[in-house]
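What follows draws every value from the coordinates through simple rules; no lab data is involved. Computed from a predicted structure; not experimentally measured. Cβ placement follows ideal geometry from the backbone for every residue including glycine, while neighbour counts extend to all protein chains displayed.
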Amino acid sequence: MQIAEGLNYVFGAAGHTAFLDQLWNPDIAWPARRRCILAIPHLYKNVLERAADGVGGCAYMLWDSIAYDYYCGNRDPDKQPEDARVQDTMLEALKGMLASDHPETQRGALHGLGHLSHRDSARAIRTFLSSDRNLDGAVRTYAGEVLEGYFQ
């Protein structure tokens, strides 16, 4: 449970200014921000997938906190170059997470792709679904729901 509390602090409301807002801060060098975004999937592989229990919905909701500003219109990648650059890198990170064999990592990525509202989110999900991998039935169903806009 402490893992979930820590991640909810960093990625939630308490850490928004200290951490999340910095992903879009042009005063911070882009390579550092890009590395940070691309490191988020490592939290799944090295922490969340290994936690026996006690992470609750953290794996599922983590990208919700990160990408939600695109979904609700607070970020505009069509008009703001930083918003576009960050969104593209988030898509890259989420697509990488879909390659995981862990169903909760896949569900977290699918949920994030829904909130990211990237022009290629649906394509990434369709590619995931059309792969020859043996996908968990619940994950496959959820991917279809995300494509239909049901991912809250």
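Return the inverse of the average 1/r over all pairs of distinct C-alpha atoms in the stretch 66-152, which is the Kirkwood hydrodynamic radius, in Å to one decimal.
About 13.0 Å for the stretch 66-152.
If you split all Cα-Cα distances of the stretch 2-147 into 10 Å bins from zero, what percentages do you get per bin, shortest first?
11, 43, 35, 10, 0
Can you sort 36, 58 so the residue with the fewest Cβ neighbours within 10 Å comes first?
36, 58
At a 10 angstrom cut-off on C-beta neighbours, averaged per residue, how do the peptides 62-69, 125-132 rank from highest to lowest?
62-69, 125-132
State to the nearest 20 debye the size of the charge dipole of the stretch 24-113 about its Cα centre, where the only charges are +1 on K and R beta carbons and -1 on D and E beta carbons.
With Lys and Arg at +1 and Asp and Glu at -1, about 220 debye.
Apply the Karplus parameterisation 6.51 cos²θ - 1.76 cosθ + 1.60, with θ equal to phi minus 60°, to every residue of the stretch 38-47 and state each ³J(HN,Hα) to the nearest whole Hz, in sequence, with x for glycine and proline.
6, 7, 4, x, 5, 4, 5, 4, 9, 10
Would you mind getting me the FRET efficiency between residue 27 and residue 119? Use the beta-carbon distance for r and R0 = 22 Å, nearest 0.05.
0.20
Most exposed first by the Cβ proxy, i.e. fewest other Cβ within 10 Å, how do 60, 9 rank?
Fewest to most other Cβ atoms nearby, the residues stand as 9, 60.
Report the charge-dipole magnitude of the chain in Debye, nearest 20, computed about the Cα centre from +1 at each Lys and Arg Cβ and -1 at each Asp and Glu Cβ.
340
By count of other Cβ within 10 Å, fewest leading, how are 113, 135, 98 ordered?
Least to most surrounded, the residues fall as 135, 98, 113.
Add +1 for every Lys or Arg and -1 for every Asp or Glu among the other residues with Cβ under 10 Å from the Cβ of residue 77, and state the total.
Value of the local net charge: -1.
Output ³J(HN,Hα) for the stretch 23-36: one whole-Hz value per residue in order, computed from phi by the Karplus curve 6.51 cos²θ - 1.76 cosθ + 1.60 with θ = phi - 60°, and x for Gly and Pro.
Coupling constants for the stretch 23-36: 5, 9, 7, x, 6, 9, 3, 4, x, 5, 5, 4, 4, 4 Hz.
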